[in-house]
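The values are calculated or read from the model by the stated rules, or taken from the named source; none is laboratory data. Owing to the predicted nature of the structure, the values given are computational and were not obtained by experimental measurement. So basically every Cβ, Gly included, is an ideal-geometry build from the backbone, and we count neighbours across all protein chains shown. Areas reflect the complete protein model, heavy atoms only, side chains present, ligands, DNA and RNA absent. Shrake-Rupley method; radii C 1.70, N 1.55, O 1.52, S 1.80 Å.
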Amino acid sequence: MGKFFSDEVEKALCYIYYDLRAGRGAEGYRILEKASEAGDGDASCILARCLCGTQYVWGGHDFPEDDDKAVKLMHKAVEQGSAIGVLLALRSGELKPDVKRKMTFSNLQEAFEVVLEKAQEGDPFCQYTVGNVYFWWDFVKIQNIRRHSFPNEAAYKACMRENISKCEDWFWKALRGGMYFAANNLNRYYTQGDEDLIAPQPEKAKDIYKIGAELGSPILQYIHGDNLMEQKREAEALEWYRKAAEGGQFECWYILGNAYEKGKLVPKDPAEAARCYEKGLMQKRDTSKKVGCANCLGALYYEGQGVYQDYDRAFNLLHYAWEHGSTWGVCYLGKCYYRGWGTEQDFVKAREFLEKVNWVNKEAYYMLGTIYGQGLGTAPDIEKGVQYLKKAGDYQEASAELKKYKKTLFGKWVRR
């Protein structure tokens with residue numbers, strides 16, 4: 001039996017929260033599933049958190065999100081006698097009367113004291129949970145605090161202030177124990193304070209993410225890198241991005257890839273940029289950075305820079321990015337459709353993509369000029385085609401195409 005929870009739950013907590021760099025989150029998830037099915041309420045509670053998205057668990061684990069299943073697991077955790085399950089259900093608004101009646105504790109205070117004892121003995125997850133009880137005012141329900149029971153407003157506020165301020169120490173203990181989520185609430189506590197009860201102390205917030213980064217949390221290394229970037233300490237930021245990426249924060253591979261592609265702070269190396277972008281594509285979630293990796297890697301494959309030229313791979317990557325809301329690669333996609341590179345030739349789609357190009361690109365102008373001039377996939381519009389061909393300037397193919405047209409005495413453009 002583990003020190004604070006069952007062996008299974010303690011192993012899962014390590015994989016899912018304390019040691020992210022091990023890359024064993026999926027294993028931790030499976031452990032929780034089996035333990036929950038076997039009747040372990042704490043496993044049910046933590047499994048519920050895993051299903052609630054990045055607000056509750058590291059995105060690098062790529063766990064599924066299922067609010068309905070999470071709610072059922074919270075209720076199950078309460079019925080199975082989990083103290084942290086009771087507090088999670090309370091925090092989530094799921095400790096409704098019918099659920100509360102099924103808990104094995106006589107009251108909320110009893111459940112809280114179980115978690116508090118584990119926190120005092122050093123469990124980071126419980127320290128974070130206790131910190132949240134004070135930070136989010138759940139102590140009001142636990143202690144059954146009523147404003148009217150105080151002799152005056154000053155006494156009520158003093159009680160509230162005393163309780164809320166307890167979160168600070170618990171969050172610090174949780175963060176240093178590996179519960180990186182504590183950093184966000186601690187930062188909010190310092191920068192925003194709490195109504196007229198706790199004054200902001202922004203000077204205390206400046207090193208939170210740095211400390212978390214030094215403790216090895218990939219997500220906090222990413223955030224620390226962003227903070228350094230804002231301070232124009234770009235070289236330092238890049239190293240923290242590298243550590244974060246190597247620890248499983250996939251978004252950072254996009255940043256590193258850009259650095260190598262452009263030769264910013266590191267020697268220009270398209271091949272290394274491509275490797276970084278490939279790693280960034282390994283994440284299952286369709287994040288903006290993953291889309292960015294697809295765009296940039298697609299362009300490298302199209303141009304044959306740092307990788308063998310491969311139009312099929314280029315088209316697939318760029319089209320994935322387009323399907324996920326990015327217009328960055330429209331010019332490449334238009335060219336692929338125009339020439340039939342990596343996809344079937346389709347002048348209708350070529351025109352649709354090329355007309356979305358809102359920057360100077362002579363080859364795109366040439367293609368649009370040809371499409372309209374020759375009536376490829378659309379009704380011929382020689383005048384419009386000539387306009388595009390002229391915009392292409394000294395682009396060789398455009399110059400040759402333009403010679404196929406002439407202006408009549410009446411000022412109309414026609415084919416020669």
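Numerical summary
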| quantity | calculated |
| --- | --- |
| Proximal charge balance of VAL57 [Cβ under 12 Å; K/R count +1, D/E count -1] | -1 |
| Sparse-neighbourhood loop sites, chymotrypsin sites (Phe, Trp or Tyr not before Pro) in the stretch 345-389 - DSSP loop, at most 15 other Cβ within 10 angstrom | TRP359 |
| Under 13 Å from the ALA199 label point (7 Å along Cα→beta-carbon), backbone N, the stretch 131-166 | none |
| Probe 1.4 Å - accessible area at MET229, Å² to nearest ten | 60 Å² |
| Total formal charge among the other residues, if their Cβ is under 12 angstrom from that of TYR301, Lys/Arg +1 and Asp/Glu -1 | -3 |
| Cβ-Cβ FRET estimate between MET229 and MET282, R0 fixed at 35 Å, reported to 0.05 | 0.90 |
| Sequence-distant residues sharing a close amide H with TYR405 (under 5 Å, placed H) | ARG416 |
| Separation between Cα centres of the stretch 373-416 and the stretch 235-265, rounded to whole Å | 46 Å |
| Fraction in percent of alpha-carbon pairs per bin - 5 Å, the stretch 349-416 | 4, 20, 29, 25, 15, 6, 1, 0 |
| In the stretch 275-308, the chymotrypsin sites (Phe, Trp or Tyr not before Pro) that fall in loop regions by DSSP, at most 11 other Cβ within 10 Å | TYR308 |
| Relative frequency of Cα-Cα separations exceeding 15 Å in the stretch 168-226, percent | 45 percent |
| Surface accessible to a 1.4 Å probe, LEU88 within the full protein complex, Å² | 20 Å² |
| Three-way shape label, the stretch 85-162, alpha-carbon gyration tensor, a/c 1.5 | oblate |
| Gyration tensor verdict on the stretch 217-287 (Cα atoms; rounded if a/c is under 1.5, prolate if a/b is larger than b/c, oblate otherwise) | oblate |
| Protein-only accessible surface order, largest first, of GLU65, GLU113 at 1.4 Å | GLU65, GLU113 |
| Mean separation of Cα contacts under 8 Å, 6 or more apart, over the residue count of the stretch 347-415: relative contact order % | 26 percent |
| Fraction of the pair-distance distribution of the chain above 39 Å, Cα-Cα pairs, percent | 41 percent |
| Rel. contact order, % - alpha carbon contacts under 8 angstrom, at least six apart, the chain | 7 percent |
| Helix axis angle, 41-50 relative to the chain longest principal axis, alpha carbon, degrees | 30 degrees |
| Length added when fully stretched, ALA158-ILE145, from 0.36 nm per residue minus Cα-Cα | 3.4 nm |
| From phi via Karplus (6.51, -1.76, 1.60), per-residue ³J(HN,Hα) for the stretch 169-183 in Hz, x at Gly/Pro | 5, 5, 5, 4, 5, 5, 4, 5, x, x, 8, 5, 4, 4, 4 |
| Two-decimal ratio, the stretch 158-312, of alpha-carbon radius of gyration to 2.2 N^0.38 Å | 1.31 |
| Solvent-accessible area, 1.4 Å probe, carbon plus sulfur percent, for the chain | 48 percent |
| Relative contact order computed over the stretch 165-289 (Cα-Cα under 8 Å; 6+ residues apart), in percent | 14 percent |
| Proximal lysines relative to LYS390, as straight alpha-carbon distance under 17 Å, when same-chain residues fewer than 8 apart are discounted | LYS362, LYS403, LYS404, LYS406, LYS407, LYS412 |
